[in-house]
Each structure stands twice: as C-alpha cells, then as structure tokens.
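Shown next, in structure tokens, is the structure this report addresses.
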Amino acid sequence: RFTDIYSEETSLSKASTLATYTQTRTGWSNRLLFETYFVLRLGADTRTFLEKGDSVYNDNYGFLGAGLDYSGLFPGLRLSFQGGASIDLVSKIQRGGPDIKTGLMFYQEWRKSHSALGIEIYGDGFYIKRYDNFLASSQFRLFYEIFKLNLKEEKTEKKLVFFDLSPIINIASSLDSSGIDYNRFIETRLGLRMRLTAPLSLMLNPYYTFGYRLQRPSQFPQYQDFRVLMTLSAAF
C-alpha cells in the first residue's frame with residue numbers, strides 16, 4: 001500500500017498571481033507495476049479566487065476520483081487513467097461535473113558517474129474532459145551541480161539528508177488540440193535550483209523566462225516573466 005503527496009506553487013510576476021496545484025493519492029501497487037488508487041486534486045490561484053469580476057487567470061477546481069497507472073512498459077514511462085468528478089471553486093468558472101484525465105508521463109535523467117553536469121528530460125500528454133482538450137508539454141533541463149551535501153546513516157547507508165544547488169537552463173514547450181493561445185508556447189527559463197530531501201522533498205527554483213507564443217494572432221506573441229517555483233513531495 002502507498003500514499004503520496006505532491007504540491008506545486010508558482011509565483012508569476014507578469015500576472016501578479018500565485019498558482020497552486022496539489023495532488024494526493026492513496027492505494028495499492030503490485031509486482032506487475034500497476035497502481036490502483038483514490039486521488040484528490042486541487043488547483044487554484046490567488047488572483048482569480050480573490051479578485052472581483054469575471055477575469056480568470058488560472059483554473060480553480062477540485063477533483064475526486066480513482067485511478068489506474070502502469071509503469072512497466074518502458075523505463076521512465078507511466079501510463080495513467082483517472083476518473084471521477086470535478087467541482088468549481090469559484091462561481092466565475094462553470095466546468096464542474098463528471099471528469100477524466102488520461103494519458104502518459106515520461107522522465108529520464110542522464111549524467112556520468114561523479115559528474116556535476118546533468119540532463120533531465122520530462123514530457124507528458126493528457127486528455128482532460130474538464131477542458132475537452134488534449135494538452136502536451138515537454139521540458140529539457142541542463143544543470144550543473146555546484147554544491148552537494150549527502151548525509152547517510154553509517155551502518156545502513158540509508159539517506160538522511162540530501163541537498164544540492166545547481167544553475168539550470170530549461171527549454172519548455174506546450175501544445176494543445178484546441179488552439180488556445182496560452183497553451184501553445186516555447187520558453188527558455190534561466191534560474192537556480194535548490195533541492196532538499198530530509199525526508200520530505202522540497203525544491204525551490206527562481207527563474208527568468210523568455211517566452212514565445214506559437215498561436216497567431218496572440219495577445220502576447222513574445223513575453224518575459226520572473227517566476228518562483230516551489231514543489232513539495234512525500235511518499236509513505
């Protein structure tokens with residue numbers, strides 16, 4: 001049996017808002033690399049939630065359902081299906097009802113033994129009924145570890161505390177099937193990443209973004225933004 005929690009908060013200077021996303025799962029896994037679980041997911045942002053008027057800067061919703069994941073097809077690849085219902089957390093959004101999220105995620109990291117230079121590749125593609133849209137994203141991250149602290153238990157070699165600090169370049173892209181402007185972009189993100197595991201995993205990544213919208217016409221064909229990303233995760 002397992003329980004895991006993932007939380008992500010992003011401060012966006014251009015939109016003057018703080019966007020948050022949290023998911024918790026609890027369920028069962030087996031030797032065939034299947035996971036069955038119940039899932040609770042929340043998404044919101046401060047400006048949409050607090051500001052009067054009809055403007056929406058990020059979706060504000062809750063989702064409750066069940067899921068089935070499989071990770072035995074290829075290393076780093078996870079197939080996922082979640083079904084349930086979503087509710088709107090603000091009255092200006094009207095998308096609640098039966099909901100599904102199905103698709104795949106992929107992650108790989110490459111680095112030579114004892115090398116400070118590393119590469120990470122992340123990609124996903126999901127159909128989400130709440131938006132009646134297929135969304136896909138990718139990230140190519142190049143980082144250089146300038147400081148690392150790795151404390152282990154002397155007898156068992158169990159990891160007690162891990163901390164690393166790395167300048168990072170992230171080439172991020174996103175596409176969707178509906179042709180929505182803000183879902184179609186390429187960004188170059190330059191920043192600094194700090195990660196701490198003890199035993200919860202905390203990541204802090206302030207970065208500056210140079211963005212280019214792929215959709216035309218676009219309200220913001222080119223843009224720049226300073227953002228701060230923070231993630232918190234734990235597994236039991």
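The values are calculated or read from the model by the stated rules, or taken from the named source; none is laboratory data. Every value quoted in this text rests on a predicted model; they were computed, and no experiment measured them. Neighbour counts are summed over all protein chains in view; Cβ atoms, including those assigned to glycine, are modelled from backbone coordinates with ideal geometry. Only protein heavy atoms, including side chains, enter the accessible area calculation; ligands, DNA and RNA are left aside. Shrake-Rupley method; radii C 1.70, N 1.55, O 1.52, S 1.80 Å.
Brief remarks follow.
- Selection from segment 207-226 of residues that are surrounded by 15 or more Cβ atoms within 10 Å (Cβ to Cβ) and part of a strand (DSSP E or B): Y207, T209, G211, Y212, R213, Y223, D225
- Filter result for L151 (closer than 23 Å to M203 by Cβ, free of Cβ contacts under 8 Å to residues at least 12 places away in the same chain, touching a Lys or Arg at 6+ places or on another chain (Cβ under 8 Å) and in a strand (DSSP E or B)): yes
- Residues of segment 178-206 that are part of a loop (DSSP other than H, G, I, E, B) and exposed (fewer than 15 other Cβ atoms within 10 Å of the Cβ): S178, G179, I180, A198, P199, L200.
- The set of residues from segment 137-183 being at pLDDT below 95, of a type in the set (A, V, I, L, M) and closer than 27 Å to Q222 by Cα comprises just one member, I180.
- Meeting the requirement of 1 or more residues that are open to solvent by less than 20 Å² (accessible area, probe 1.4 Å) and farther than 21 Å from A136 by Cα, the strands (runs of 3 or more DSSP E) wholly within segment 1-93 are 17-29, 34-45, 61-70.
- Residue within segment 154-164 that is among the aromatic types (F, W, Y), under 22 Å from T20 (Cβ atoms) and either out of contact with any Cys (no Cβ under 8 Å at 6 or more places or on another chain) or part of a loop (DSSP other than H, G, I, E, B) (or both) present: no
- Test: Y122 is under 23 Å from L214 (Cα atoms) and at pLDDT 95 or above: yes
- Flag if E120 is open to solvent by 40 Å² or more (accessible area, probe 1.4 Å), of a type in the set (D, E) and in contact with a strand residue (DSSP E or B) (Cβ under 8 Å, 6 or more places away or on another chain): no
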